[in-house]
Structures are given as C-alpha cells and as structure tokens.
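**Q** Okay, handing you the structure first.
The values are calculated or read from the model by the stated rules, or taken from the named source; none is laboratory data. All values reported here derive from a predicted model rather than from experimental measurement. Here the Cβ positions follow ideal geometry from the backbone for every residue, glycine too, while neighbour counts run over all protein chains shown. Protein only, heavy atoms only, side chains kept; ligands, DNA and RNA dropped before computing areas. Shrake-Rupley method; radii C 1.70, N 1.55, O 1.52, S 1.80 Å.
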Amino acid sequence: MIEKKITILDLQKKKDTGEPITMLTAYDYSSASLVDAAGMDMILVGDSLGMVVLGYENTVPVTMDEMIHHCKAVARGAKMAFLVGDMPFMSYQADPIEAVRNAGRFMKEAGMDSVKLEGGQEMVPVVRAITNAGIPVMGHIGLTPQSQSKLGGYRVQGKTVDAAHKLLCDALALEEAGCYSIVLEAIPSVVGKTISQRLKIPSIGIGAGSACDGQVLVFHDLLGLDDQLQPRFVKQYAKLHQTIIEAFAQYRKDVQSRQFPAKEHTYPMTIKEEKAFIQDLMN
C-alpha cells in the first residue's frame, strides 16, 4: 500500500463517511516526526507553543516569527499529515490585507498546508480574504485562548441557550465564508454534536464531545509531560513527567559516581596503537 500525504479532500471524505479524524499538536522536528509516524491525519502547530515550549503565561505574546520558526521545523519532520499553522494574536484581527500577508507566510515560508484563526462571525471578512487568496482556513470557536481575557479566563463556552445558538451561527457563518474545517473547544457535548451535524465541513473537537468529526489534543498533555492540573477534556495516555526527571537524575548520579561513561560507551584504540601512544608520551 502506497502512503500519500493527507489532503483537504481526504478530510472531507472522512466527514462524509463518518470516519473520525485524528489530530495532535507538534512544535518541532522531533515531535512532528513522532506524530507523523503514528499515522495522525493532521498536525496543528498551535500557538500553545507559547506556554508549553516558550514558557509564556498564555498564547498572547507569541509572535509571527516564532510561529514561522516552529512551523518550518514541523514541516521538515512531517511527511504525511496535513499541516495547520496557528495564526498568533494580532496577526489577522486588525486588517484583512495584513491577515492575507501573514497567512501567506505560513504557506510560502513555513511549509504549512493551511492556517487556523480564532473567532466567529466577526472573522468572516478575514476568512473570505484569506481563502480568496487561495489559502485554506480552519476556524476555531468556543473557548478561544487568544481572547481568554475577554472571556473571563479559560471557561467553558456555550452553556446557555443563547450562547449555544450564537456558537452555531458562528460555525455556519465560518463555513459559508470558506473554512474547510472548524475547531470546537470547551463547549457542552450536545452543542458540539449539534454543530457537527449542521456543518457540511469537518468539526475538530477539543472538549466538545465524541460526536465531533475529529479530535485534537496537545502533544505535551497527551504524554503527561507537565505535572500541572489539566483541563477536564485531557486524557493522559502516558505520564512521562516523572519518568523523564528520574532518568535525568539517574544520569546525574552516574556521572557523579563515574559509572557513566562505562567501558561500552567509550572508543578504544588497538593494543598496539595504545602502547605506541603511551611510549611516545614517555619519550
């Protein structure tokens, strides 16, 4: 069986046939290679790298240059997955023309297959401008981390009838504007199901229930690389935080006790050359 790179048509076919879409974040060559080798359909180079890689308190400080840098590394590591670059805060909100230019950088410089941006009906002109330039756009509604200050923190969205209806209207407006897919984050499962059923394009859930057309998680959350309290929607498939610390600590102890490097970790000379070298030093 010949493997081929995933395309938007492949993603839409999965939606149409009811086959779930798989997606993970990645932030560099190594993580992208691992995610790609696992057969993931999509890789998101999320602006979440601001927190899990760069140590910012939230995603707001992340710059275009930082995103491009990490996207380029991911593109070198992933061969089959469909790649999505997250447009950072204020790279698309102020002006559709600037948004098109920045979206173009993700394609031209960083090797992404599409871009993702946050927001609902207010982002329709921007989505249209970017898609009219030939750049595929993934939408993102519900909990939108770049707007967490306005939302009052990282809170579940769409919990009232009016709020849920607005999310549905946002999703339909983004679809009509040209989005090929929409991320639904931190919303009640019944709202995620309703939106997914009404959309013709794939929905990707993160804390939006199992009825979404696909699911996405953050690389570090899935592997348990952080010992911080995780959101309700995160499932840790491994708990590597303590395992990694223990490995590092054992290495430190081995170095301090001179147990590492052992003989099998060194490069010997032949006995003849070793004797000649020692003799030469003595002369």
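**Q** Of the numbered conditions (1) in contact with a Ser or Thr (Cβ under 8 Å, 6 or more places away or on another chain); (2) open to solvent by 30 Å² or more (accessible area, probe 1.4 Å); (3) outside any loop (DSSP other than H, G, I, E, B), residue 40 fails exactly one; give the number of that condition.
**A** If we test residue 40 against (1) in contact with a Ser or Thr (Cβ under 8 Å, 6 or more places away or on another chain); (2) open to solvent by 30 Å² or more (accessible area, probe 1.4 Å); (3) outside any loop (DSSP other than H, G, I, E, B), just (3) comes out false.
**Q** If residue 228 passes every condition in (1) out of contact with any Phe, Trp or Tyr (no Cβ under 7 Å at 6 or more places or on another chain); (2) of a type in the set (S, T, N, Q); (3) surrounded by 14 or more Cβ atoms within 10 Å (Cβ to Cβ) but one, which one does it miss?
**A** All conditions pass for residue 228, except number (3).
**Q** Of the residues 92, 27, 56, which single one is open to solvent by 20 Å² or more (accessible area, probe 1.4 Å), assigned to a loop (DSSP other than H, G, I, E, B) and hydroxyl-bearing (Ser, Thr, Tyr)? Explain how you work it out, then say what you get.
**A** Numbers: 92 fails: open to solvent by 20 Å² or more (accessible area, probe 1.4 Å); 27 fails: open to solvent by 20 Å² or more (accessible area, probe 1.4 Å).
Unique residue meeting the criteria: 56.
**Q** Let me ask something else. Would the range 191-214 turn up any residue that is of a type in the set (S, T, N, Q) and within 24 Å of residue 68 (Cα to Cα)? So that I can check it myself, show each step before the final result.
**A** So the first thing to find is which residues in the range 191-214 are of a type in the set (S, T, N, Q), and the list is 194, 196-197, 203, 210.
Filter again for within 24 Å of residue 68 (Cα to Cα), leaving none.
No: the range 191-214 contains no residue that is of a type in the set (S, T, N, Q) and within 24 Å of residue 68 (Cα to Cα).
**Q** Which pairs do you get when a residue that is open to solvent by less than 70 Å² (accessible area, probe 1.4 Å), found in the range 1-21, comes within reach of a residue that is part of a helix (DSSP H, G or I), reach meaning Cβ atoms under 7 angstrom, with the pair 6+ apart or on two chains?
**A** Going by the 7 Å Cβ cut-off, the qualifying pairs are 21/11; 21/14.
**Q** Checking the condition among the hydroxyl-bearing types (Ser, Thr, Tyr), at pLDDT 95 or above and within 22 Å of residue 206 (Cβ to Cβ), which residue from 29, 92 passes? Explain how you work it out, then say what you get.
**A** Details: 29 fails: within 22 Å of residue 206 (Cβ to Cβ).
Going through 29, 92 in turn, just one is among the hydroxyl-bearing types (Ser, Thr, Tyr), at pLDDT 95 or above and within 22 Å of residue 206 (Cβ to Cβ): 92.
**Q** I'm checking my understanding of the structure. Among residues of the range 167-178 that are out of contact with any Leu (no Cβ under 9 Å at 6 or more places or on another chain) and of a type outside the set (A, V, I, L, M), which one is least open to solvent (accessible area, probe 1.4 Å)?
**A** Filtering first and then ranking leaves 170.
**Q** In the set 100, 127, which member is at pLDDT 95 or above, crowded, with 22+ Cβ neighbours inside 10 Å and either farther than 24 Å from residue 218 by Cα or of a type in the set (A, V, I, L, M) (or both)? If you could, list the steps in order and put the result at the bottom.
**A** On the way: 100 fails: crowded, with 22+ Cβ neighbours inside 10 Å.
One residue alone meets the criteria, 127.
**Q** Going through the range 108-150 one residue at a time, which ones are under 23 Å from residue 5 (Cβ atoms) and over 16 Å from the mean Cα position of the chain (by Cα)?
**A** 108, 109, 130, 131, 133, 134, 135, 136 - these are the residues of the range 108-150 that are under 23 Å from residue 5 (Cβ atoms) and over 16 Å from the mean Cα position of the chain (by Cα).
**Q** Turning to a different aspect of this structure: Has the range 60-69 got any residue that is closer than 24 Å to residue 192 by Cβ, under 15 Å from the mean Cα position of the chain (by Cα), in contact (Cβ under 8 Å) with a residue 12 or more places away in the chain and in a loop (DSSP other than H, G, I, E, B)? Spell out the reasoning first.
**A** Pass one, the range 60-69, residues closer than 24 Å to residue 192 by Cβ: none.
Within the range 60-69 (the criterion being closer than 24 Å to residue 192 by Cβ, under 15 Å from the mean Cα position of the chain (by Cα), in contact (Cβ under 8 Å) with a residue 12 or more places away in the chain and in a loop (DSSP other than H, G, I, E, B)), the answer is no, since none of the residues qualifies.
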